[in-house]
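A.B. asks: The structure under discussion is supplied below as structure tokens; questions concerning it will follow.
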Amino acid sequence: MSKKIVSKKIIVAPLNWGWGHVSRCIPIIKEIIVLGYIPIIASDGDALLFLRKEFPDLETLELTTYGIQYHQYFVGSMFLNIPKIVNGIMKEQAVIKKYINDHKKEIVGIISDNRLGVYHSEIPSVYITHQLNIKAGILSKSIDKIHHYFIKKHKECWVPDEENNLYSGDLSKNISNLNIQYIGVLSRFKKQEIPIKYNLLVLLSGIEGQRNALEDLMCKELRYFKGKVLLVRGTLKVSTKVFSSNVEVIDYLLSDDLEKVINESELVISRSGYSTIMDLITLEKSAFYIPTPGQTEQEYLAKYLNSQSKARFSTQKEFNIDMLNKKNVEVSFKKTSQHCISKYLIKAFKLSPV
């Protein structure tokens with residue numbers, strides 16, 4: 001009779017940039033546990049705080065905060081924050097090396113979701129991203145070259161999409177002969193057949209500044225919406241804003257509760273972050289996207305999904321509540337099957353499931 005493996009560990013390290021990287025690591029963490037291994041959560045800031053609430057019994061490892069200051073344009077922000085990013089990569093690499101040196105016999109794998117410094121030469125690792133080709137104007141080729149340099153530090157790169165790039169379009173096309181595994185739609189949620197409770201669900205997320213700006217916009221516009229609204233602020237910080245009586249406001253929700261309210265909602269407004277898109281695809285929900293201003297990836301995804309008649313969108317500057325009429329938002333995703341994550345884990349790290 002086989003014994004459950006209780007000492008072998010896999011480090012899971014999502015980038016602390018909004019909720020997307022965190023949320024798509026949740027099903028991976030759960031699958032590691034199902035396979036009989038121990039996930040070690042490595043991150044920083046709100047991402048680490050959230051995962052500690054989601055998995056209170058798991059060991060965590062605090063990495064260095066990059067300390068990125070977000071400006072109006074994503075590309076400009078990245079350029080101005082290069083020194084902080086480089087410093088963060090070096091420091092998180094040092095933390096990972098020390099932890100593995102202290103626990104070398106226990107660690108069997110590393111999973112990095114866009115954390116460039118999380119890898120080790122002696123431990124097999126995989127890198128998760130849907131951005132093999134970053135939309136950054138004249139800087140695209142240079143940024144891609146740097147990004148691919150770090151991707152090649154890993155055994156494999158997992159892309160959460162189908163091989164035909166169904167939902168991420170040009171972002172995930174493998175034109176550089178990287179060792180890519182297309183692992184399909186990756187979501188922490190499951191569709192539930194339950195009665196509709198909310199006419200509209202608003203999910204706020206992202207880097208502060210723009211998250212708060214969208215909250216201010218919703219505070220103004222939702223007073224004109226005729227129907228029941230739930231607004232999830234997507235932050236651990238308490239707000240003093242006053243919304244109209246038809247709007248219920250919650251600061252944040254853990255996965256089980258968020259899954260329930262999305263299933264209970266007729267229409268969802270959110271940023272066009274890729275992990276949110278994956279969640280709404282899985283739950284087959286009609287979506288209206290408002291990409292973060294200047295964040296080129298979200299702008300591309302919103303336009304791409306609109307061109308494929310999979311969702312509608314508006315810029316933050318142009319949005320008004322009149323856009324939420326039936327003609328504009330009556331778009332939903334066709335049912336899509338999710339791949340079995342366990343087979344990718346077993347293959348990458350040569351695991352022995354129990």
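A.B. asks: For the chain, modelled as a Gaussian network with Cα springs under 10 Å, which listed residue fluctuates most, Pro293, Pro83, Pro160?
C.D. replies: Pro83
A.B. asks: Working from Cα positions, state the angle (0 to 90°, nearest 10) between the long axis of helix 140-151 and the longest principal axis of the chain.
C.D. replies: Computed tilt is about 40 degrees.
A.B. asks: Moving to a separate point now. Any chance you could give the angle, 0 to 90 degrees and rounded to 10, that helix 45-54 forms with the longest Cα principal axis of the chain?
C.D. replies: 90 degrees
A.B. asks: Can you check what the net charge comes to around Leu254, using other residues whose Cβ is under 12 Å from the Cβ of Leu254 (Lys, Arg +1; Asp, Glu -1)?
C.D. replies: Net charge around Leu254: -1.
A.B. asks: At each listed q (0.11, 0.12 Å⁻¹), what is the log10 of I(q)/I(0) that the Debye formula gives for the chain modelled as equal alpha-carbon point scatterers?
C.D. replies: For the chain, the Cα-only Debye profile gives -0.73, -0.88.
A.B. asks: Take the alpha carbon atoms of region 200-329, find their radius of gyration, then divide it by 2.2 N^0.38 Å using N residues; give the quotient. Spell out each step's value before the answer.
C.D. replies: Working: Rg = 13.5 Å, N = 130, 2.2 N^0.38 = 14.0 Å.
Dividing the Cα radius of gyration by 2.2 N^0.38 Å gives 0.97.
A.B. asks: Here's something else I'd like to know. What range in the chain is the longest one free of GluC sites (Glu not before Pro) that are in a loop by DSSP and have at most 10 other Cβ atoms within 10 angstrom?
C.D. replies: Values: sites that count: Glu122, Glu193, Glu318, Glu330.
Counting at most 10 other Cβ atoms within 10 Å as exposed, the longest clean stretch of the chain is 194-317.
A.B. asks: Okay, next question. Using a Gaussian network model of the chain with C-alpha springs under 10 Å, which one of Asn101, Asn16, Asn174 is most mobile by mean-square fluctuation?
C.D. replies: It is Asn101.
A.B. asks: Continuing with the same structure: Of the cross-linked pairs Lys98/Lys153; Lys191/Lys310; Lys8/Lys347; Lys135/Lys173; Lys285/Lys347; Lys30/Lys135, which ones have a Cα-Cα span greater than 22 Å in the structure shown? It would help to have the intermediate numbers written out before the result.
C.D. replies: Working: Lys98/Lys153 18 Å; Lys191/Lys310 18 Å; Lys8/Lys347 16 Å; Lys135/Lys173 13 Å; Lys285/Lys347 32 Å; Lys30/Lys135 32 Å.
The answer is Lys285/Lys347; Lys30/Lys135.
A.B. asks: For every other residue with a beta carbon closer than 11 angstrom to the beta carbon of Gly117, add +1 if it is Lys or Arg and -1 if Asp or Glu, then tell me the sum. Working shown, then result.
C.D. replies: Numbers: positive: Lys91, Lys97, Arg115, Lys153; negative: Glu92.
Net of charged neighbours comes to +3.
A.B. asks: Still on this structure, I have one more. Using packing as a proxy for protection, rank 230-238, 109-117 so that the peptide with the highest average count of other Cβ atoms within 10 Å comes first.
C.D. replies: Per-residue mean Cβ counts within 10 Å order the peptides as 109-117, 230-238.
A.B. asks: Per-residue ellipticity at 222 nm for the chain, helices alone: DSSP H runs ≥ 4 residues times -39500 (n - 2.57), over residue total, nearest 500 deg cm²/dmol? If you can, show how the numbers build up before the last one.
C.D. replies: Working: 11 runs with 120 residues, N = 354.
Helix-only estimate at 222 nm: -10000 deg cm²/dmol.
A.B. asks: Rounded to the nearest 10 degrees, what's the angle between the helix 82-102 long axis and the longest principal axis of the chain, both from Cα atoms, 0 to 90?
C.D. replies: Roughly 50 degrees between the two axes.
A.B. asks: Among the aspartates and glutamates, select those whose C-alpha is under 13 Å from the C-alpha of Lys155, and discard any that sit fewer than 8 residues away in the same chain.
C.D. replies: Correct list for Lys155: Glu122.
A.B. asks: While we're looking at this one, here's another question. How would you rank Val118, Val22, Val34, going from fewest to most other Cβ atoms within 10 Å of each one's own Cβ? Can you show the working numbers first?
C.D. replies: Numbers: Val118 29, Val22 24, Val34 13.
The fewest-first ordering by Cβ neighbours comes to Val34, Val22, Val118.
Here, each number is a calculation from the coordinates, and none is a lab measurement. Because the structure is predicted, anything quoted here is derived from the model rather than measured. A quick note on method: Cβ atoms are made from the backbone with ideal geometry, for glycine too, and the neighbour counts reach across all protein chains shown.
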